[in-house]
1. If A:Y117 satisfies all but one of (1) touching a residue at least 60 places away in the same chain (Cβ under 8 Å); (2) buried (at least 16 other Cβ atoms within 10 Å of the Cβ); (3) not hydrophobic (A, V, I, L, M, F, W, C), what's the number of the condition it fails?
2. Of all the residues that make up the stretch A:279-301, how many are small (G, A, S) and under 13 Å from A:W254 (Cβ atoms)?
3. In the stretch B:68-111, how many are within 14 Å of another protein chain (Cβ to nearest Cβ) and surrounded by fewer than 14 Cβ atoms within 10 Å (Cβ to Cβ)?
4. Among the residues of the stretch A:228-239, write down those that are within 12 Å of chain B (Cβ to nearest Cβ) and buried (at least 19 other Cβ atoms within 10 Å of the Cβ).
5. What do you reckon, is A:S156 over 28 Å from A:G94 (Cα atoms), within 14 Å of chain B (Cβ to nearest Cβ) and among the polar types (S, T, N, Q)?
6. For the stretch B:185-224, how many residues meet the condition of being of a type in the set (V, I, T), away from every other protein chain (no Cβ under 12 Å) and not in a helix (DSSP H, G or I)?
7. Would you point out the residue of the stretch A:320-336, among those that are outside any strand (DSSP E or B) and surrounded by 12 or more Cβ atoms within 10 Å (Cβ to Cβ), that is farthest from the other protein chains (Cβ to nearest Cβ)?
8. For the stretch A:1-21, check the following and say yes or no: at least one residue is at pLDDT below 85 and either under 26 Å from B:I51 (Cα atoms) or not in a helix (DSSP H, G or I) (or both).
Amino acid sequence: MHKFLIRSFVSSLVLLFTLTVAAVAKDVKAAFVYIGPTGDHGWTYQHDVGRKAVEAAGFKTTYVEGVPESADAERVLRQLANSGHDIIFTTSFGYMNPTNKVAKEFPNVKFEHATGYKREHPNVATYAARFYEGRTILGTIAGTMTKSNVIGYVASFPIPEVIRGINSFTLAAQKVNPNIKTKIVWAFTWYDPGKEAEAAKALIDQGADVIAQHTDSTAIVQMAEKAGVYAFGQASDMDKFAPKAVLTSVENNWGPYYVDRVKAVANGTWSQKDTWHGIGDGMVVISGLDSQMPSDLQSKVKKLQADLASGKVHSFTGPIYDQKGNLMVAEGKTADDGMLAGMMTYVKGVEGDIPK
Amino acid sequence: MIIDVNFVGLIIASIMASAVPLILASCGELITERSGVLNLGVEGMMIIGAISGFALMTVTGSLIIAVFGAMLAGVLISTIFAFLTQTLITNHVATGLALTIFGIGISAMIGKNFVGIPGKEFPVLFEGLKDTIPLLSPILFGHSIVFYFAFALPFITSYFLKKTKIGLIVRAVGDSPESASNQGINVRFVRYASILYGGAMCGLAGAYLSMIYTPQWIENMTGGRGWIALALVVFSTWNPIKILIGAMIFGGLTIIQFHMQAIGVRIPVQFLTALPYIVTIIVLVVISRDSRKIRLSTPSSLGKSFHKDN
């Protein structure tokens, strides 16, 4: 009887110990707050792919989708922080103030805010991707592949992120083909397939034979496929939606960063930082190049990709002028991150004005 | 830039293509409203049609099954509305709004497995005639069967309401269910049928979006077109031919706006987005100034529940 009691006592101790160890090592819970539905096959979808990578690495995750950038966000964040989550990723620009506010109330929970710049408390970190590097590659391809010298660009909202993309794209396209014109249509939506398709159709009807996009749905590449012009995938590899039209895609790859940060929490090594990763760190990924691209262009693109990754080439290397001809970046200089983060003027060669 | 006739033809063709879902949903809702039932669930029925069509196309591989399946899905979801408002005599407005919220939610749930799958190519008719006549060719040829059906539908609907006996019965039920009932018409049956027909057309409108216009499934992909279709019915003063005109105007606003942007003319986008609703309010104000006009065009018992006293 005694023996039995001792044995069961010991075994339960062992069991308890194992459970505790497991809990310490693995029981970090991560939460993700999304602006859109995970079914958008764009921005939120790619973040959710990243979340799944965290899950695959053995951590528990939760997500809340379709959270408005208002007082609702605060409520959701508070709830997540209260329910035992150790790290919370807020994946839209508008969550900036709610994230900082709630972070103050929960100093033991780590907060990671995407695309923002405010880190008011030691438990808030920010992260973003240098998508403009991908657009330098797209501009190079578009400038080479266009025959009509008119390139269409469907844009979403006039914010620095989008303006930076248009500028980076246009600068690269002009470099390989000084005669090109970039026509921009603002759709004022991140995803509305119908509207995006209509915007693309308008550009195609007006002579554009390459279409770039800074909205999230696959409607634009499908429209390009129907009309027999070229296009580029956005956020994820869109090749299967338009095998003939899509020359390549710029993919958002959040997974490695998310796994890194959650592991850092588990190991106790997490610290506040501001991350802005590009092609070099694998946060921006260029999908496979289409075989319709001539082989010299393909090798040029691959070299450019390597140079952007190593830092040998910068997307914004001077001399760069704005539309009025004022010097933005001097010869031999590159734009610093502060300038890039607040970029709200078109470079020379972009047509039209930025809508107010 | 050079304005050539083919370019104008292309723009008109784009506008017509964007008007198709509005025409289909509005013509369906018009019949429902003519029978005296206000169904605010158009957006919900459309999104159910969109996911059902896309899902069936992906699973079965048959476009015909998908199109009719989407219509059937619209019928099924509108049956819920019909049962609630006609059998349980619930409030039309509240039930319709609930239907929209329900539709958006359930379509997102079903749609989870269909995100990121490319749609199939939908066959177009008269492709070979595309370059034969300047200006008219892009307008007349190279569209899907649903496109041609949509542009015939307002005329069919108009004929149905004005010239057929069943059309007269639908109008009678919408204007005075009491008198119709006294004449021996089964009001509840007529209203059920009108609601289900409206559901079928909204389902087809949704399927057009997810299978033909932008062949893919994305949550919330109807993007408020159901509400514009509802506004369109009021705008048209319950006249199917005016739906055709209104749909071209409402659908054309975005496209004209995009073309102007590409040319370099700037118009405030927020204003254009609000324009369909502003125009509808103006039309409402104009028709409500003339009581005779209201009596003539509005179904008198619109949105009122009908209890048959036994």
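1. (2)
2. 1
3. First pass over the stretch B:68-111, keeping only residues within 14 Å of another protein chain (Cβ to nearest Cβ): B:101, B:104-111.
Then drop every residue that is not surrounded by fewer than 14 Cβ atoms within 10 Å (Cβ to Cβ), which leaves B:101, B:105, B:109.
Matching residues across the stretch B:68-111 total 3.
4. Start the filter on the stretch A:228-239 by keeping residues that are within 12 Å of chain B (Cβ to nearest Cβ), which leaves A:233, A:235-239.
A:G233, A:A235, A:S236, A:M238, A:D239 - these are the residues of the stretch A:228-239 that are within 12 Å of chain B (Cβ to nearest Cβ) and buried (at least 19 other Cβ atoms within 10 Å of the Cβ).
5. On the way: over 28 Å from A:G94 (Cα atoms): no; within 14 Å of chain B (Cβ to nearest Cβ): yes; among the polar types (S, T, N, Q): yes.
No: the conditions fail for A:S156.
6. As a first pass, look at the stretch B:185-224 and keep what is of a type in the set (V, I, T): B:185, B:187, B:190, B:195, B:212, B:214, B:218, B:222.
This time we only want the ones that are away from every other protein chain (no Cβ under 12 Å), so: B:185, B:187, B:190, B:195.
Right, trim to not in a helix (DSSP H, G or I) and you get B:185.
Result for the stretch B:185-224: 1.
7. Our first condition is that a residue be outside any strand (DSSP E or B); within the stretch A:320-336, this holds for A:323-326, A:330-333, A:335-336.
Still in the list and also surrounded by 12 or more Cβ atoms within 10 Å (Cβ to Cβ): A:323, A:333, A:335.
On the way: A:Q323: 13, A:K333: 31, A:A335: 27 Å.
Per the stated criteria, the residue is A:K333.
8. In the first step, residues of the stretch A:1-21 are kept if they are at pLDDT below 85; the result is A:1-21.
Add one more test, that the residue is either under 26 Å from B:I51 (Cα atoms) or not in a helix (DSSP H, G or I) (or both), and what stays is A:1.
So far as the stretch A:1-21 goes, yes, one or more of its residues are at pLDDT below 85 and either under 26 Å from B:I51 (Cα atoms) or not in a helix (DSSP H, G or I) (or both).
The values are calculated or read from the model by the stated rules, or taken from the named source; none is laboratory data. Bear in mind the structure is a predicted one, so any value in this text is a computation, not a measurement. Don't worry about glycine lacking a Cβ; one is built from the backbone with ideal geometry, like all the others, and counts go over all protein chains shown.
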